[in-house]
1. Can you work out the Karplus-derived ³J(HN,Hα) for every residue in the stretch A:220-237? Use 6.51 cos²θ - 1.76 cosθ + 1.60 with θ = phi - 60°, whole Hz, and x for glycine or proline.
2. Given a Förster distance of 51 Å, report the FRET efficiency between B:Gln415 and B:Lys36 from their Cβ-Cβ distance, rounded to the nearest 0.05.
3. Taking the Cα-to-Cβ direction at B:Val248 and at A:Lys203 and moving 7 Å from each Cα, how far apart do the two end points lie in nm?
4. Using the structure shown, select from B:Lys287/B:Lys363; A:Lys317/A:Lys403; B:Lys292/B:Lys361 the pairs with a Cα to Cα distance greater than 22 angstrom.
5. Give me a comma-separated list of calculated 3J(HN,Hα) values for the stretch B:38-43, in order, Karplus coefficients 6.51, -1.76, 1.60 applied at θ = phi - 60°, integers in Hz, x for any Gly or Pro.
6. Given the stretch B:326-466, what percent of its DSSP beta bridges are antiparallel, to the nearest 5?
7. For B:Ile40, what residues show an amide H to amide H distance below 5 Å, using hydrogens built from the backbone and excluding near sequence neighbours?
8. Report the one residue of B:Phe392, B:Gly341, B:Ile289 whose Cα lies farthest in the direction of the positive end of the charge dipole of the stretch B:253-466 (charges on C-beta: Lys and Arg +1, Asp and Glu -1; origin at the Cα centre).
Amino acid sequence: MHYSPALSFSQPTSLPTTNYAFHSHVDLRFCGLRRQPSGFSFSTHSASTRVSLSTPARGHSNKISASSGNNGTPKSFDYDLIIIGAGVGGHGAALHAVEKGLKTAIIEGDVVGGTCVNRGCVPSKALLAVSGRMRELQNEHHMKALGLQVSAAGYDRQAVADHANNLASKIRSNLTNSMKALGVDILTGFGTIVGPQKVKYGKVGFTDTTVTAKDIIIATGSVPFVPKGIEVDGKTVITSDHALKLEFVPDWVAIVGSGYIGLEFSDVYTALGSEVTFIEALDQLMPGFDPEIGKLAQRVLINPRKIDYHTGVFATKITPARDGKPVIIELTDAKTKEHKDTLEVDAALIATGRAPFTNGLGLENINVATQRGFVPVDGRMRVIDANGNLVPHLYCIGDANGKMMLAHAASAQGISVVEQVTGRDHVLNHPSVPAACFTHPEISMVGLTEPQAREKAEKEGFEVSIAKTSFKANTKALAENEGEGLAKLIYNPDNGEILGVHIFGLHAADLIHEASNAMALGTRIQDIKFAVHAHPTLSEVLDELFKSAKVKAPASTSSPVSEPVSA
Amino acid sequence: MAHILQTSFLPSTSTLRRTPIPGSKAKSRSLQVKAKIREIFMPALSSTMTEGKIVSWMKSEGDKLSKGESVVVVESDKADMDVESFHEGFLAAIMVEEGGVAPVGSAIALLAETEDEIAEAKAKSQSSSGSSSARVVEEKPKQKQESEPAVSAVAPTVSSTKTVVVGSAVHPASEGGKRIVASPYAKKLAKELKVDLGTVVGTGPLGRIVAKDVEAAAAAAAGVVAAASPASPAIAAPVASGIELGTVVPFTTMQGAVSKNMVESLSVPTFRVGYTITTDALDALYKKIKSKGVTMTALLAKATALALALHPVINTCCRDGNSFTYNSSINIAVAVAIDGGLITPVLQDADKVDIYTLSRKWKELVDKARAKQLQPHEYNTGTFTLSNLGMFGVDRFDAILPPGTGAIMAVGASQPAVVASKDCRIGVKNQMQVNVTADHRVIYGADLASFLQTLAKIIEDPKDLTL
């Protein structure tokens, strides 16, 4: 079948899918549960008639049979859709493509799941789950206030690391299985675009295979960005890729960059007993967050913890620990470019953002020039070539296009592309995509920050109002003894449009969706404030927030409240 | 306690980094300042609010304020609220930074009437804002504070332990001690405990200064105080190893003044009365309000002041050998050991000022004393002196009366003792011994005894202290 020998070896196959395989071959597919690894065997071919790739000759002879099983691609393509990269973006696109009846393949050169599942969001959540509990158990004051007594909390580093690793494996296999179950072909190897609607893929040392597809989505994601001058050895100078393995817990770790990744790791490390020094190039910590939220977060997440920081400096040179010397970090003033300080620490984590992983994609074959590595796209994720023209049938989603480097944004972009190629125009509403940072407590946001909103308002001539509520007034938060927190609503008081919502507090990441959904659906404050929230829940923080907004426009008449469903 | 600095030895003020201005002139100047500079207080935003957190300052230092304008956002136990200015003027100095916590009624900023006074107000607030900003750091080393008995404020900086400077030079990359390598938490602790990192020996990886080194240094500093403490004006000789044995070292100006005062005290006919006071209730109260920045020193000063208010004769002095001088205010001087001597910062009007303000004032004074920036009226206007050696486990001692005052009280450690009660039960109670030395020309035995009885009553039922 469609598996390269190396992969088919290890993968117990999921149940066969029947949605477009020839039914007469169903039993054969069952037989193929353990596919023989015998080279580029034809046995895999016999297992499913719809694929031709297994032939080592990269002829297109079997193409017809491939598409004939499908409900008809007019031209003879191997697939309706090929996705290069099986991360969260590619996965989301693949699932939606299958739902839309497309014959879909996904090419992955590494492991299914990409950054998020293997080296990002997923394992970091496992570590943060541990750090959250450690923090709580170590907070004697908090425990006492609840009437609990806990004797010295401790942890086993390897067990914590295993938890993160196991979670990643579990999610990875879930992802793989879900695609297999739906009949998405998973092709192993690095994919390269060789021409319009044509991709080759293969593993190093093996012959490449070329496949064609009506549409192609690039979803190759990103890798940790390491500024020049920094020598990453994977032991004492590390990126998030290494840190998530938690191979050691340094006494003192410098974190370069105080964005999401840096903040989350500072939460993990300080909970496990490390001391942290932040190095931030901009003048304040947590750039990119709403300033008010950033200030509050600094008060709660940085100041009381064993963290200090240097702002307005670049880490221009970082040398890993060796010959009995510690990790040495040279700090240079961001403005004057003069040497400012030298730090010696046990480890340095580079969290300066992520760089697109687009090398070797063969973009030159179709006259596309990357910009700082990013694939240029239009609002519909259509790839733009060096002359500024759209490249037909080629899309790029996720970190590789740099529009919004978030796993769920990639997935949403993928779904949007599938909608377009199946005949429904769709543009993803990026401002309604929420983001979250999983510190304790969490930070979440959607839409504009206050300064951004004010700038926009000035340009477009509308008013901006701010409403705020505190978690201190929320029963559930107080029951949890976690009253520290703030929710902030930025809106247009004339029409009730939500411009942005920012939350810092208990379960903020889960709370943001009420606001992001409202923004995505265009729901106005004067309407959503009539929606009912269960009491007592944290969601009432947002309920209060909407109710405290002063909107001049009246509630729309089609408000759900005016039409009782069952009376 | 003995060698209290007095107005009489003004020459020593040079060591205090002040030009020797006649006391009276300095006083009148500062009074004038007070009149035009108003304090902005932490308001009570709800009936249950005892302290408030500064969420953000809406104005910066130097900004003009009109009456009714919002100045600061305060977070109470219920919500965040804007606080408005009651007066017009300039926001001269912010004393509690954003994120800081202040008890209700304590000053959080100074408001100057005119632009010219901003600088003066700033100077006024400097030391206090230093101490209050330290409160921003919420994770205090609580166990440390608890183990520190009674007068916690007396721990001075360790700058006198010069021997240890070599320590940081051990670090390979510290460029021969030019750079200090300390972990983030060590730095935070050093700031909090007022330890100079340059003097701390690092024991962490590669000679790095870690938290426990700072704690050790702070503890050592307490040891230095012990040596430099009033009972032995030989000053720190046993501990400060910078001293060469077998040499003769002349007095510093301050030490010379102490010596002069001590000799002078011999011309005053003094006597002593002791009393044992149960402190269980006081300890409980302290535990309860410690988190609001109240120190044991402030509590003792307050209790003493309240007792003095009822016994004005103890607050007198004999200037000429022919008359009683009844002091108009009750100013409690508290002896503090500092580098190479001691000084007695004064808590003025201790009977009238509330305990939270008093505690804040005390912190301010101690900080100033360490920085040698006390102004004459801040150390020579005491009418009654407190000396506490309880933190060293001293259970009783005997103080020398500072010339120019009527009485001084020596406070010992509060310790658990087996006590037989009147109803013939045996129990364990915390008890502390106090011993008052007084000038018998103006204060008689019965006066002192009844004063001590009142003091004991106040301490054993301390509810009045927080009024």
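Rule-based calculations on the coordinates, nothing more; no lab input. The structure displayed is predicted, hence computed values, not measured ones. Ideal geometry is used to build each Cβ from the backbone, glycine not excepted, and the neighbour counts take in all protein chains shown.
1. Couplings: 8, x, 8, 10, x, 8, 10, x, 5, x, 9, 9, 8, 10, x, 10, 10, 10 Hz.
2. 0.60
3. 9.2
4. A:Lys317/A:Lys403
5. Those phi angles translate into 9, 9, 9, 9, 5, x Hz.
6. The antiparallel fraction comes to roughly 70 percent.
7. Sorted by chain and number, the residues that satisfy this are B:Ile108, B:Ala109, B:Leu110, B:Leu111.
8. My answer, from the dipole projection, is B:Ile289.
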